[in-house]
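A short worksheet on the structure shown next.
Bear in mind that the values in this text are calculations on the coordinates, not laboratory data. Not measured: the values here are computed from a predicted model. Note that we place each Cβ from the backbone using ideal geometry, even for glycine, and neighbour counts take in every protein chain shown.
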Amino acid sequence: SLRRITFKALMTVLAVGTIFGNVLYALAGLMQFRFTLLAARFLVGLFNGFALPSKYIGLTVGMKRRSEVILYYSATNMLAFAAGPALAALLEYFIKSIRIHNLVLDSDTVPGWFMALVSSVFLVLLLLLFEDPPAEETVPMAGSGAPTGDRLPLAAMCAAFWHLCVSSAVLTVIEVYTVNLGQEHWGWSIAKTAWLLAGLMLCSGVANMSMGPLARRFISSDRMGVLGCTLFGCFACTFLLDLGLPSFPVQVGVLSIGLMFVLTMAGMGRAFVLALQSKLVPTSLKGRANDWSAVFMTIGRAAGSVIGAVLSPSTFGVVMLSLFASSALVCAMSHSRMQPSEKAD
């Protein structure tokens with residue numbers, strides 16, 4: 001059954017599927033079939049394995065260091081978001097500089113070929129270096145069901161899922177909105193907008209990475225970390241409001257500062273919630289909680305892409321502030337319930 005597939009085997013299947021999806025994306029122009037691009041995007045999304053890293057951390061890292069390690073995981077996510085736009089700009093420049101433009105290789109298809117190559121390298125490293133967790137640590141994941149009496153704490157888990165959905169939505173809204181703002185309102189090229197977004201993501205990733213060791217020393221609990229991130233996020237959103245600043249450079253500077261802080265708070269908040277949700281449930285239900293977390297993060301990303309596409313400078317800050325405020329309200333109302341389970345490990 002699927003419950004008995006090892007991490008290595010599952011990640012191998014996902015890597016092969018990702019390679020196939022990216023190759024299909026790169027060949028979409030050559031195939032000239034209207035649904036090829038849609039199918040390629042579907043396959044890349046289907047085989048992304050977004051839930052596996054946090055599940056692996058939950059099974060292999062103890063409760064004392066789990067928050068720190070997930071902060072590192074969140075930081076690498078943000079750094080990848082920084083690398084993505086930067087690589088897109090570099091690839092576009094490379095293709096234009098060598099003056100290649102055909103149905104197989106052009107500025108639209110080169111991202112597919114590049115990601116297929118990256119996924120192939122990942123597959124080789126996975127087969128050579130990755131180790132599955134010990135068998136006893138995967139028993140809760142492979143078991144036929146939870147022991148009698150073990151159940152998900154509904155109120156606490158719903159609060160955690162809301163935080164994950166909101167934080168994922170915030171990150172995606174910023175990605176989509178920044179690109180639209182740069183191109184439609186500022187008249188920037190795709191490359192210039194990509195470099196701005198890459199710089200913001202880089203600063204956020206470095207901040208998340210530095211919080212790893214600090215969290216273990218200065219933050220007493222994950223729920224306090226979540227509450228702090230949502231409150232600081234509300235404050236950071238004031239920089240995103242349409243303040244009617246007369247100077248364009250000042251507008252860009254103030255907005256960039258706000259975006260950097262909001263990205264940092266959203267990334268850190270998501271990391272604290274991922275660590276917390278693995279502690280809210282008994283060990284036997286840890287895998288199920290991780291699966292639901294991935295579902296709600298995916299919903300957040302889907303909603304964020306739609307919201308970000310329709311926002312304008314006058315509504316962007318208000319919507320972002322509302323998202324953080326709702327998350328802070330849910331955090332305050334559920335604070336007493338978000339206690340680690342006695343059966344968690």
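For TRP186, TRP292, what's the fewest-to-most ordering of other Cβ within 10 Å of each Cβ?
Lowest count first: TRP186, TRP292.
Extension gain, SER284 to PHE20, is 91.6 nm, computed as 0.36 nm per intervening residue step minus the present C-alpha separation. Take 250-258, 273-281 and order them by the average number of nearby Cβ atoms within 10 Å per residue, most first; the result is 273-281, 250-258. Only Cα pairs under 8 Å and at least 6 apart count here; give the relative contact order of the chain as a rounded whole percent. Across the chain, relative contact order equals 28 percent.
The Cα-based radius of gyration and maximum Cα-Cα distance (Dmax) for the stretch 66-122 are 15.0, 49 Å. Maximal additional length on extending the PHE35-PHE248 stretch stands at 72.6 nm, based on 0.36 nm per residue less the C-alpha distance. Which percent of Cα-Cα pairs in the stretch 1-120 sits in each 5 Å bin, short to long? With 5 Å bins starting at 0, P(r) equals 2, 10, 15, 18, 18, 14, 10, 7, 4, 2, 1. Scaled against the 2.2 N^0.38 Å expected of a compact globular protein of N residues, the Cα radius of gyration of the stretch 163-203 reads 1.24.
Can you give the net charge of the other residues whose Cβ lies under 13 Å from the Cβ of LEU105, counting K and R as +1 and D and E as -1? Could the numbers behind the result be given before it?
Values: positive: LYS96, ARG99; negative: GLU92, ASP106, ASP108.
So the surrounding residues net to -1.
Counting lysine pairs in the chain whose alpha carbons fall under 29 angstrom apart, excluding pairs fewer than 8 residues apart on the same chain, gives 15. The alpha carbon convex hull volume per residue for the stretch 187-345 rounds to 129 Å³.
Helical runs (DSSP H, four residues minimum) scored at -39500 (n - 2.57) apiece and divided by the length of the chain put the mean residue ellipticity at 222 nm at -25500 deg cm²/dmol.
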